[in-house]
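Below: one structure, written as C-alpha coordinates.
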Amino acid sequence: MIDKEDGLFAEIANELRKQFRDIYIIGKQLSSEPPRFPAVSIIQENNVVNKRYSTFDETENVAHITQYIEIYSNDKEQKEEICKSISLVIDNVLKTHGYCRMLNQPMVNADDTIARRIMRYKKENETQY
(Lines give C-alpha, C1' and ligand atoms only; values in the text may rest on other atoms or scores of the structure.)
Protein backbone atom coordinates (compact mmCIF):
# COMPACT_ATOMS: atom_id res chain seq x y z
CA MET A 1 0.00 0.00 0.00
CA ILE A 2 1.17 3.49 -0.78
CA ASP A 3 1.26 5.07 2.66
CA LYS A 4 2.63 8.58 3.17
CA GLU A 5 0.08 9.55 5.82
CA ASP A 6 2.45 9.85 8.79
CA GLY A 7 5.02 11.93 6.91
CA LEU A 8 2.40 14.30 5.53
CA PHE A 9 0.79 14.67 8.97
CA ALA A 10 4.19 15.47 10.53
CA GLU A 11 5.00 18.07 7.88
CA ILE A 12 1.65 19.85 8.29
CA ALA A 13 1.96 19.72 12.10
CA ASN A 14 5.49 21.15 12.00
CA GLU A 15 4.44 24.06 9.80
CA LEU A 16 1.42 24.81 11.97
CA ARG A 17 3.46 24.73 15.19
CA LYS A 18 5.88 27.29 13.73
CA GLN A 19 3.05 29.82 13.44
CA PHE A 20 0.59 28.76 16.16
CA ARG A 21 2.54 27.90 19.30
CA ASP A 22 -0.17 26.19 21.38
CA ILE A 23 -2.10 24.56 18.53
CA TYR A 24 -3.64 21.13 19.18
CA ILE A 25 -3.19 18.74 16.25
CA ILE A 26 -4.59 15.23 16.07
CA GLY A 27 -4.69 12.56 13.37
CA LYS A 28 -8.23 11.38 14.01
CA GLN A 29 -11.74 12.75 14.07
CA LEU A 30 -12.64 14.72 17.16
CA SER A 31 -15.73 13.22 18.76
CA SER A 32 -16.40 16.31 20.87
CA GLU A 33 -14.93 19.70 21.60
CA PRO A 34 -11.11 19.85 21.32
CA PRO A 35 -9.19 19.86 24.63
CA ARG A 36 -7.62 23.22 23.67
CA PHE A 37 -7.74 25.79 20.87
CA PRO A 38 -6.90 26.36 18.13
CA ALA A 39 -7.27 22.74 17.07
CA VAL A 40 -6.80 20.81 13.84
CA SER A 41 -7.90 17.29 12.93
CA ILE A 42 -6.08 15.78 9.90
CA ILE A 43 -7.43 12.51 8.55
CA GLN A 44 -6.49 10.49 5.50
CA GLU A 45 -10.05 9.81 4.51
CA ASN A 46 -9.45 7.57 1.54
CA ASN A 47 -6.59 5.63 -0.08
CA VAL A 48 -7.72 3.69 -3.14
CA VAL A 49 -5.62 1.78 -5.65
CA ASN A 50 -5.68 3.04 -9.22
CA LYS A 51 -5.99 -0.41 -10.82
CA ARG A 52 -5.07 0.99 -14.21
CA TYR A 53 -1.46 1.23 -13.02
CA SER A 54 -1.28 -2.02 -11.05
CA THR A 55 0.86 -4.89 -12.33
CA PHE A 56 -0.51 -8.27 -13.39
CA ASP A 57 0.28 -9.64 -9.92
CA GLU A 58 -1.70 -6.76 -8.32
CA THR A 59 1.32 -4.74 -7.21
CA GLU A 60 0.12 -1.27 -6.36
CA ASN A 61 1.92 1.55 -8.16
CA VAL A 62 -0.55 4.45 -7.98
CA ALA A 63 -3.28 5.45 -5.51
CA HIS A 64 -5.98 8.10 -5.20
CA ILE A 65 -5.82 9.74 -1.76
CA THR A 66 -8.21 12.11 0.00
CA GLN A 67 -7.36 14.21 3.08
CA TYR A 68 -10.04 15.61 5.38
CA ILE A 69 -9.22 18.47 7.77
CA GLU A 70 -11.27 20.19 10.48
CA ILE A 71 -10.10 23.45 12.08
CA TYR A 72 -11.46 24.94 15.32
CA SER A 73 -10.90 28.27 17.06
CA ASN A 74 -12.59 29.88 20.05
CA ASP A 75 -10.76 33.20 20.03
CA LYS A 76 -13.19 35.89 21.19
CA GLU A 77 -12.22 38.44 18.54
CA GLN A 78 -10.66 36.62 15.58
CA LYS A 79 -11.88 33.03 15.57
CA GLU A 80 -12.78 33.05 11.85
CA GLU A 81 -9.52 34.77 10.88
CA ILE A 82 -7.49 32.23 12.87
CA CYS A 83 -9.25 29.35 11.11
CA LYS A 84 -8.50 30.96 7.74
CA SER A 85 -4.84 31.52 8.66
CA ILE A 86 -4.49 27.87 9.68
CA SER A 87 -6.17 26.76 6.46
CA LEU A 88 -3.64 28.76 4.41
CA VAL A 89 -0.71 26.97 6.07
CA ILE A 90 -2.31 23.59 5.40
CA ASP A 91 -3.15 24.57 1.83
CA ASN A 92 0.46 25.55 1.13
CA VAL A 93 1.82 22.23 2.42
CA LEU A 94 -0.69 20.09 0.56
CA LYS A 95 -0.20 22.00 -2.71
CA THR A 96 3.54 21.28 -2.59
CA HIS A 97 2.64 17.58 -2.46
CA GLY A 98 0.35 17.81 -5.49
CA TYR A 99 -2.99 17.82 -3.69
CA CYS A 100 -5.95 19.68 -5.17
CA ARG A 101 -8.35 21.49 -2.84
CA MET A 102 -11.91 20.22 -3.23
CA LEU A 103 -13.47 22.07 -0.30
CA ASN A 104 -12.64 24.86 2.16
CA GLN A 105 -15.63 26.30 3.95
CA PRO A 106 -16.82 27.47 7.35
CA MET A 107 -19.32 25.24 9.11
CA VAL A 108 -22.06 26.02 11.57
CA ASN A 109 -21.02 24.77 14.99
CA ALA A 110 -23.46 23.84 17.79
CA ASP A 111 -21.50 26.13 20.12
CA ASP A 112 -21.42 29.51 18.36
CA THR A 113 -18.41 30.62 20.43
CA ILE A 114 -16.36 28.14 18.35
CA ALA A 115 -15.54 28.70 14.69
CA ARG A 116 -15.20 25.56 12.61
CA ARG A 117 -13.86 25.14 9.08
CA ILE A 118 -13.60 21.96 7.03
CA MET A 119 -11.25 21.22 4.15
CA ARG A 120 -10.95 18.31 1.74
CA TYR A 121 -8.06 17.61 -0.64
CA LYS A 122 -7.56 14.98 -3.30
CA LYS A 123 -4.49 13.63 -5.02
CA GLU A 124 -5.31 11.53 -8.05
CA ASN A 125 -2.05 9.73 -8.68
CA GLU A 126 0.17 9.29 -5.61
CA THR A 127 3.12 6.99 -6.24
CA GLN A 128 5.32 5.05 -3.87
CA TYR A 129 8.36 7.23 -4.59
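Things to note:
- Within the range 19-56, the set of residues being among the aromatic types (Phe, Trp, Tyr) and modelled with pLDDT of 95 or more comprises 20, 24, 37.
- Looking across the range 58-101, the residues that are among the hydroxyl-bearing types (Ser, Thr, Tyr) and free of Cβ contacts under 8 Å to residues at least 24 places away in the same chain come down to 59, 96.
- Members of the range 7-25 found to be free of Cβ contacts under 8 Å to residues at least 24 places away in the same chain and in a loop (DSSP other than H, G, I, E, B), listed by number: 21, 22
- Check on residue 28, in contact (Cβ under 8 Å) with a residue 60 or more places away in the chain and in contact with a strand residue (DSSP E or B) (Cβ under 9 Å, 6 or more places away or on another chain): no
- Counted as qualifying within the range 58-129 are the strands (runs of 3 or more DSSP E) with 1 or more residues that are over 17 Å from the mean Cα position of the chain (by Cα), namely 62-73, 115-127.
- Restricting the range 57-97 to residues that are at pLDDT below 95 and either closer than 18 Å to residue 126 by Cα or of a type in the set (Val, Ile, Thr) (or both) leaves a set whose member that is surrounded by the fewest Cβ atoms within 10 Å (Cβ to Cβ) is 58.
The values are calculated or read from the model by the stated rules, or taken from the named source; none is laboratory data. Keep in mind the model is a prediction, meaning the values are calculated, not measured. Every residue, glycine as well, gets a Cβ built from its backbone with ideal geometry; the counts of neighbours run over all protein chains shown.
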